[in-house]
1. Of 4/152; 4/256; 46/86; 38/151, which sit over 31 Å apart, Cα to Cα?
2. Which helices count as membrane-span-like in the chain under these terms: full DSSP H, at least 24 Å along the axis by C-alpha, Kyte-Doolittle mean of 0.0 or more?
3. Beyond 21 Å, what share of the Cα-Cα pairs of the stretch 83-154 remains, rounded to the nearest whole percent?
4. Using a 1.4 Å probe on the protein heavy atoms only, what accessible surface does residue 34 show? Give it in Å² to the nearest 10.
5. Each label point is 7 Å from the Cα along the Cα-to-Cβ direction; what then is the distance between the points at residue 268 and residue 39, in nm?
6. Using the Cβ atoms and a cut-off under 14 Å, what net charge is assigned to the surroundings of residue 21, where Lys and Arg are +1 and Asp and Glu are -1?
7. Please report the accessible area of residue 20 (heavy atoms, 1.4 Å probe, ligands and nucleic acids excluded) in Å², nearest 10.
8. When all alpha-carbon pairs of the stretch 137-284 are counted, what percent fall beyond 17 Å?
Amino acid sequence: MGFKRKDLLGIRDLEVAEIEYILNLSRSFKEINERSIKKVPTLRGKTIVHLFYEPSTRTRTSFDIAAKRLSADTYSITASTSSIVKGETVLDTLKNLDAMRPDVFVIRHSASGAPHMLAAHTTASVINAGDGMHEHPSQALLDMLTILDKKKRLDGLNVVIVGDIFHSRVARSNIWGLKKMGSKVVVCGPATLIPPNIEEMGAEVSYRLEQCIPDADVIMVLRLQKERQQQMMLPSMREYSTWYGINAERLKMAKKDVLIMHPGPMNRGVEISPEVADGPHSVILDQVTNGVAVRMALLFLLAQR
C-alpha cells in the first residue's frame with residue numbers, strides 16, 4: 001500500500017497497512033544510526049522547517065537529527081524567537097515561510113488542530129509534532145516500534161497507560177494506534193485525569209493500578225501535565241505518587257518481561273521512581289533511539305512526494 005498522504009496529522013485516520021509500512025521503513029533507517037558516519041544523501045536539496053510553539057527536547061531534536069542524517073537543510077523557529085512576539089499570527093508566519101518554498105513543516109502547537117489548519121494553507125507537507133491535547137503521531141509510532149522490537153508483535157498484547165490521560169496527546173495517539181494493531185489498551189489514573197467517554201476510543205478504564213499491573217505486557221507511564229491544568233486536579237503530588245506512581249514495590253506484581261515506557265520528560269519520584277526508570281524493564285532510552293529512525297522514515301516519505 002505504501003504511504004501516499006501529503007501530511008501526517010494523526011494516527012486516528014491511518015490504515016493498518018500504512019502504520020505497518022512506516023514501521024517497516026523505520027527499521028531500515030535504524031541501521032544508518034548505528035554507522036560510524038550517520039549520513040546518507042537521500043534528502044539532499046530538501047528543506048525542513050521546524051515550527052515549534054511549545055517547548056520540546058526529544059521531539060524537536062530528533063526531527064532535526066533525522067533530517068540532517070538524510071542530508072536535508074533544516075531551520076528551527078520557536079515562538080520566543082519569531083515574529084509572533086510582535087503580534088504576527090501563526091497563519092501569517094506559515095504563509096511567509098511557505099513563500100520560501102520549504103518541502104516539509106514539522107509543527108508543534110498548544111492549540112488542538114493547529115497543524116490541520118496550517119496544512120490546508122500550504123502545498124508543503126506538514127507533520128504534526130504534537131497539537132494541544134489532541135495527537136502526537138510520531139511518538140505513537142516510535143512507541144509501537146519499540147514494543148515490536150522487544151515483543152515481536154502488537155496483536156494480543158495488554159498495554160496499560162498510567163497517569164494524566166486527560167491532557168495527554170501521547171495517550172490518544174497510542175490508543176488509536178495500538179487498538180488498530182490489535183492490542184488491548186487499559187487506561188489507569190484518578191477519575192479527574194480520565195477523559196469522559198474515552199471508552200468510545202476502544203480503551204478500558206481502571207482507577208486501581210494494582211488491578212492493572214499483573215496482566216500488563218507493557219506499562220506506559222505518563223507525566224502529570226501541570227501546565228495544561230486550569231486548576232489543580234489532584235490533592236497533591238505526594239498523594240498521586242502514593243496511589244499511581246510506578247515504583248519497585250509495585251513492579252513486583254508485574255510479569256517478569258514487562259516493558260516500562262515513558263514519553264518524557266519524566267518527573268522522577270512522582271509518576272515513576274528512579275530505580276524503575278533506570279531498571280532492567282525500562283525501554284525509555286530505546287524509545288528515544290527509535291524516535292530518530294521513525295522521524296527519518298516520515299521525512300523520507302513526505303519530502304519525496
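The values are calculated or read from the model by the stated rules, or taken from the named source; none is laboratory data. Note that the coordinates shown come from a computational prediction; the quantities given were computed from them, not determined experimentally. All Cβ positions, even for glycine, are placed from backbone atoms using ideal geometry, and neighbour counts span all protein chains on display. For accessibility, only protein heavy atoms count, side chains too; no ligands or nucleic acids. Shrake-Rupley method; radii C 1.70, N 1.55, O 1.52, S 1.80 Å.
1. Numbers: 4/152 26 Å; 4/256 41 Å; 46/86 29 Å; 38/151 27 Å.
Over 31 Å apart, Cα to Cα: 4/256.
2. Numbers: long enough: 284-303 (28 Å, 1.51).
Helices meeting the criterion: 284-303.
3. Details: 972 of 2556 pairs.
For the stretch 83-154, the fraction of Cα-Cα distances above 21 Å is 38 percent.
4. 140 Å²
5. Going by the 7 Å Cα→Cβ label model, 3.4 nm.
6. Details: positive: 4, 5, 27, 180; negative: 15, 18, 20.
That works out to +1.
7. So the heavy atoms of residue 20 present about 90 Å² to solvent.
8. Working: 6119 of 10878 pairs.
The calculated P(r) of the stretch 137-284 puts 56 percent of pairs beyond 17 Å.
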